[in-house]
Each structure stands twice: as C-alpha cells, then as structure tokens.
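Here's the structure we're looking at; comments come further down.
The values are calculated or read from the model by the stated rules, or taken from the named source; none is laboratory data. Everything quoted here is computed from the prediction, not taken from an experiment. Cβ coordinates were reconstructed from backbone atoms using ideal geometry, including for glycine residues, and neighbour counts include every protein chain displayed. With ligands, DNA and RNA removed, areas are computed over all heavy atoms of the protein, side chains included. Shrake-Rupley method; radii C 1.70, N 1.55, O 1.52, S 1.80 Å.
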Amino acid sequence: SREQIGMIEGVMPILVACMQPFWGFVSDHTKSPRFVFAFTRVVSTCILMLLAFPAIAYGYTRLLLISLFMSLFITGGILDGYTLDVLGPHGQRLYGPLRMWCAISWGAGSF
C-alpha cells in the first residue's frame, strides 16, 4: 500500500543519517577508512541482493527488515573524507567543483 511504501522509503534515510556518525567513528578509530567503506559496501550489497529472492523478500515485514538492515551499512560520507585525504591540499580545492558538476549532471540525467 501507499503507507507501507512511505514507511519503507521514509525510515531508510533516517536510519542512514543516524548510522553515518557511527561508521565515521569506526573509520577514525581503526584508521582504516578504505576497509570500513569496503566492508560496509559489501555487506549492504549482499543484503540488497536478498530482494532478488522471492522466497526471502515476500511481504511487507520482510521488505521493511531488508531495507532497514541495508540502511545500517550505507556509508557515503566515509568515501568523501577518504577522497579528500588522498587528494591532498591542491586536489581539495578542485573537489568541490567536481562534486557540484556531478550533482548537476545527476539531476539533469533524472529528467
């Protein structure tokens, strides 16, 4: 139903926003942002792949749980921080405009 879809799509960003600081802390504490990002990407992809199996992803409750568990492992912010570390001071000045044009092209492509 519309309410169920709204619940799934509404709770996921909230959970992602709550988990980002946790994964940032783990990344900083372990001093291994590359590993933390790779780990969370693999886990979230594996959880997302559960949607391909109708025997597992059947019914609202299961879809909600799969979506929520996948949201626990989304860590886009770690990649931005790691990229800025790798680029160094000179590359950091170029990163903002690059991200802006990526966002503009993403938005234009959605039409």
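Per-atom-type breakdown for the chain gives carbon and sulfur 74% of the accessible area (1.4 Å probe, protein chains only). In order along segment 45-55, the Karplus-derived 3J(HN,Hα) couplings, from 6.51 cos²θ - 1.76 cosθ + 1.60 at θ = phi - 60°, round to 5, 4, 5, 4, 5, 4, 5, 6, 9, x, 5 Hz, and Gly and Pro are given as x.
In this structure segment 4-89 gives 65 Å² per residue of accessible area when probed at 1.4 Å with all protein chains present. Taking the square roots of 5 times each eigenvalue of the Cα gyration tensor of the chain, largest first, gives ellipsoid semi-axes of 30, 19, 12 Å.
Rounded to the nearest 20, the size of the Cβ-charge dipole of the chain about its Cα centre is 160 debye, with Lys and Arg at +1 and Asp and Glu at -1. The convex hull drawn around the Cα atoms of segment 24-86, when projected onto a plane and averaged over every direction, covers 4.5 nm². Between the beta carbons of LEU65 and THR45, assuming R0 = 25 Å, the FRET efficiency works out to 0.90 to the nearest 0.05. Placing dummy labels 7 Å off each Cα toward the beta-carbon, the span from SER110 to GLN92 is 2.9 nm. For segment 1-59, the fraction of alpha-carbon pairs lying more than 14 Å apart is 70 percent, rounded to a whole number.
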